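What follows is a single structure, written as structure tokens, with notes after it.
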Amino acid sequence: MKNLELSRIFEQIAKILKVKNENPFKIRAYEKVALVLENLPIDLETIYQQGALDDIPGVGKGIAKKIEEYLTTGKMEYYEKLKESIPAGVIKLLDVPEVGPKTAKLLYEELKVDNLEKLEEAIKGHKIKNLPGMGEKSEINILRGIEFYKRSKERVPLGLALPLAEEIVKILSKLRETERISFAGSLRRKRETVGDIDILITSQKPERIMKTFVSLPQVREILAEGPTKSSIITKDDVHIDVRVVGPESFGAALQYFTGSKAHNIKLRELAVKKNLKINEYGIFDSITGKRRGGKEEEEIYKALNLSFIPPELREDRGEIEAAQENKLPELIEKSQIKGDLHLHTTWSDGINSIREMAEAAKKRGYQYIAITEHSQSLKFAGGLTEQKLKEQIEEIHNLNRELKDFTILTGIEVDIKSDGNLDFSDEILSKLDVVIAAIHSGFKQESKINTARIIKAMQNKYVNIIAHPTGRLIGYREAYELDMERIMQVASETGTILELNAHPERLDLNEIYCRLAKEKGVQIAIQTDAHSIEGLAMMDFGLAIARRGWLESRDILNVLPLDKLMKRLQYKKKDY
Ligand SMILES: [Zn+2]
Ligand SMILES: [Zn+2]
């Protein structure tokens, strides 16, 4: 998806215009578009193909042309020219979150800082805190920004890596020469971002597999091509290795290359105690050297007297101990999901109608969905007025009379305003089946304020779910400053459910918080925030993170059948 790329470019344009002291209205316009695109998880290319770019709020003819140019050529002339109009170093600094236009200009003019290295040096030498308007906190913030920037450059988001790996595995598995094939590594563990992609195969004649692999259309550069290992870099800068392993070692290699390192170290220690040796080739008796297995991954765990540990849990976070005691969680499965409760349609900034969303959800085997558009103050995202919401409720009731074995719930994604008040009155919220509350703006406040906003929303008895609680955008924006422990506490006291937003750029709550929620008895709703029927498929990413967070079906809201779900949604209202 190019949405965030373009959002970032428009943000950069606004920043450069600020450095240049340009017309504030022009700057606002670019800032607004950046925000709209960031919050618009419908693929811009889809919108472009439908010729509907200028239907996006805040996108006028001029900006639509720029988006089109970028989508079709991969470049934006205006942006390229604009970048040339200020020192290159200043632009580089703008890539670092926490370095705004004013700061970049200041650093360049006062300290001649025009790249990351010099910026780091200036911080280490404590030269920044004495500049006008800066202080010790600024140095800490900038340093954090640099670390974030570096991390985001090195890793590939799951949303890009997983479909790419699945596609390549699919192509290679169709070849007659391919016997067994699987990807391994952090991708198989479904980490939210991954390093390289490792694919393992068994084959008697791997030459044609390797030839096919290195000549895939996705390949930009071949790093190595050989009968046992080939490496390429894709056009999206993803490093992929394909390795051939012996059929007797496939399971051992899969286990070894899936990792994590910490998990494997612990397994090897366990093996030593049992006079066994495990490595990428198999399991061996360490005294006689005799092979004890390795063809199947399960054999490794069995040999160590462990129940099989799903890849998502292999992080040395207690899974080995749990496997020893036969106490591994029964992780949530795709087939258990019965609906999706956070969806947008053409009524706000989505691109499919309510009926289309319902039909697509039914095809996925769901029993229900909830339509939860943005509320009125989110004008850029087509937020609904009270009147419009009432009309939508009408339409949903009519549709429900038509649909068989499927239910559309009425709902809203009501904005939590800066002061913690909700964007709609209780009177209208009380008419809805599902109320989701979320922060969409003003999140650059300190932890105390943001936390208080969310807590206030949770204390409203009509609020069922808090959406994308931490507000992070992977690789683009860090989580808001929040006291999550406190939020979990109040969620558990009030019976408020927290969302695991399944969109691969959000995955919010993350796996650590999911596990904390489980410990605190807070229920999680895995929901896609889909703005189109394609978006419904993002559920898979949410499931991956839920599994990494040790969640079981009893921890999840949207596994409930409709009658139980409706009861659960009434819970807070009755309690007061
Ligand atoms: Zn939202
Ligand atoms: Zn939403």
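As a quick test, which of the pairs LYS190/LYS277; LYS32/LYS66; LYS390/LYS431 have an alpha carbon distance above 20 angstrom in this structure? Walk me through the intermediate numbers first.
On the way: LYS190/LYS277 27 Å; LYS32/LYS66 15 Å; LYS390/LYS431 9 Å.
Table pairs above 20 Å Cα-Cα are LYS190/LYS277.
How would you classify the range 334-575 from its alpha-carbon gyration tensor, with a ≥ b ≥ c the square roots of the eigenvalues: rounded for a/c under 1.5, else prolate if a/b is greater than b/c, otherwise oblate? Before the final figure, lay out the partial values.
Numbers: a/c = 1.41, a/b = 1.19, b/c = 1.19.
Because its axes are fairly even, with a/c under 1.5, the range 334-575 counts as rounded.
Across the range 117-131, in residue order, what do the Karplus-derived ³J(HN,Hα) couplings come to in whole Hz, using 6.51 cos²θ - 1.76 cosθ + 1.60 with θ = phi - 60° and x for Gly and Pro?
So the J values, rounded to whole Hz, are 4, 5, 5, 4, 4, 4, 5, 4, x, 6, 8, 7, 4, 8, 6.
Which of the listed residues, LEU116, PRO311, MET134, is farthest toward the dipole's positive end in the chain, when Lys, Arg count +1 and Asp, Glu count -1 at the beta-carbon?
PRO311
Which pairs, out of LYS92/LYS448; LYS92/LYS124; LYS363/LYS564; LYS273/LYS295, put more than 28 Å between their alpha-carbon atoms?
Numbers: LYS92/LYS448 32 Å; LYS92/LYS124 19 Å; LYS363/LYS564 22 Å; LYS273/LYS295 22 Å.
Check vs 28 Å cut-off fails for LYS92/LYS448.
Can you tell me the dipole magnitude for the range 98-155 around its Cα centre, using point charges on the Cβ only (Lys, Arg +1; Asp, Glu -1), in Debye to the nearest 20?
Working: 13 positive and 11 negative charges, 33 e Å.
In total the dipole reaches around 160 debye.
Among rounded, prolate and oblate, which fits the range 156-244 when a ≥ b ≥ c are the square roots of the eigenvalues of its C-alpha gyration tensor, a/c under 1.5 means rounded, and a/b larger than b/c means prolate?
On the way: a/c = 1.87, a/b = 1.41, b/c = 1.32.
Here the range 156-244 falls in the prolate category.
Obtain the nm distance between the two label points defined at THR228 and LEU562 by a simple spin-label model: each point lies 7 Å from its Cα along the Cα-to-C-beta direction.
Here the answer is 5.9 nm between the modelled labels.
Given Cβ point charges of +1 (Lys, Arg) and -1 (Asp, Glu) and nothing else, what value in debye, to the nearest 20, does the dipole of the chain about its Cα centre take? Display every interim value, and only then the final one.
On the way: 91 positive and 91 negative charges, 183 e Å.
So the magnitude is around 880 debye.
Please order ASP426, ASP340 by the number of other Cβ within 10 Å, starting at the fewest. Could you put the intermediate results ahead of the total?
Numbers: ASP426 12, ASP340 28.
With the fewest neighbours first, ASP426, ASP340 line up as ASP426, ASP340.
Apply the Kirkwood formula to the range 306-405: the hydrodynamic radius equals the inverse of the mean of 1/r over all pairs of different alpha-carbon atoms; give it in Å with one decimal.
After inverting the mean inverse Cα-Cα distance, the result is 16.6 Å.
Which whole-Hz couplings ³J(HN,Hα) result when phi for each residue of the range 535-551 is put into the Karplus expression 6.51 cos²θ - 1.76 cosθ + 1.60, θ = phi - 60°, listed in order with x for Gly and Pro?
Residue by residue, the range 535-551 yields x, 4, 5, 5, 3, 4, 5, x, 4, 4, 5, 4, 5, 5, x, 6, 7 Hz.
Which value in nm describes the separation of the simple spin-label points at LYS302 and ALA52, placed 7 Å from the Cα toward the beta carbon?
So the label points at LYS302 and ALA52 sit 5.3 nm apart.
Have a look at ILE232, LEU160, THR212 and report the one farthest towards the positive end of the charge dipole of the range 156-244, computed about the Cα centre with Cβ charges (Lys/Arg +1, Asp/Glu -1).
About the Cα centre, the residue reaching furthest to the positive side is THR212.
By the gyration tensor of its Cα atoms, with a ≥ b ≥ c the square roots of the eigenvalues, what is the shape of the chain: rounded for a/c under 1.5, prolate for a/b over b/c, or oblate? The partial results should precede the final answer.
Details: a/c = 1.58, a/b = 1.20, b/c = 1.32.
Oblate, since a/c reaches 1.5 and b/c is not below a/b.
Taking a cut-off of 12 Å between Cα atoms, list the aspartates and glutamates near LYS15, but don't count ones fewer than 8 places away on the same chain.
GLU31, ASP95
Using the count of nearby Cβ atoms within 10 Å as a rough guide to exposure, how do GLU333, GLU356, GLU31 rank from fewest to most? Could you put the intermediate results ahead of the total?
Working: GLU333 12, GLU356 15, GLU31 19.
Fewest to most other Cβ atoms nearby, the residues stand as GLU333, GLU356, GLU31.
Filter the cross-link list LYS174/LYS205; LYS20/LYS137; LYS112/LYS137 down to pairs whose alpha-carbon distance in this structure exceeds 18 Å.
Details: LYS174/LYS205 14 Å; LYS20/LYS137 26 Å; LYS112/LYS137 21 Å.
Distance filter (> 18 Å) returns LYS20/LYS137; LYS112/LYS137.
Quick one: putting +1 on the C-beta of Lys and Arg, -1 on the C-beta of Asp and Glu, what dipole do you get for the range 290-391 around its Cα centre, in Debye to the nearest 20?
Here the size comes out at about 300 debye.
5 Å is the cut-off here: which amide hydrogens, built 1.01 Å from N in the peptide plane, fall below it relative to LEU276, excluding neighbours closer than 5 in sequence?
Sorted by chain and number, the residues that satisfy this are SER286.
Counting only helical runs of four or more DSSP H residues, what would the 222 nm mean residue ellipticity of the chain come to if each run contributes -39,500 (n - 2.57) and the total is spread over all its residues?
One gets -13500 deg cm²/dmol as the mean residue ellipticity at 222 nm.
Can you work out ³J(HN,Hα) from phi for every residue in the range 517-531, in order, using Karplus 6.51 cos²θ - 1.76 cosθ + 1.60 and θ = phi - 60°, giving whole Hz and x for Gly and Pro?
Once θ is set to phi - 60°, the couplings for the range 517-531 become 4, 4, 4, 8, x, 9, 7, 10, 10, 8, 9, 8, 6, 5, 10 Hz.
Taking the Cα centre of the range 507-576 as the origin and placing charges on Cβ (Lys, Arg +1; Asp, Glu -1), which of LEU562, LEU536, ILE512 is farthest toward the positive end of the dipole?
The listed residue farthest towards the positive side: LEU562.
Going Cα to Cα from LYS274, which aspartates and glutamates come in below 12 Å? Please leave out same-chain ones fewer than 8 positions away.
Within the straight-line cut-off, LYS274 pairs with ASP285.
Antiparallel versus total DSSP beta bridges in the chain: what percent is that, nearest 5?
45
A short reminder: the numbers here are calculations on the coordinates, not readings from a lab. Given the structure is predicted, the values throughout are model-derived calculations rather than measurements. Heads up, the Cβs are rebuilt from the backbone with ideal geometry, glycines too, and the neighbour counts pull from every protein chain shown.
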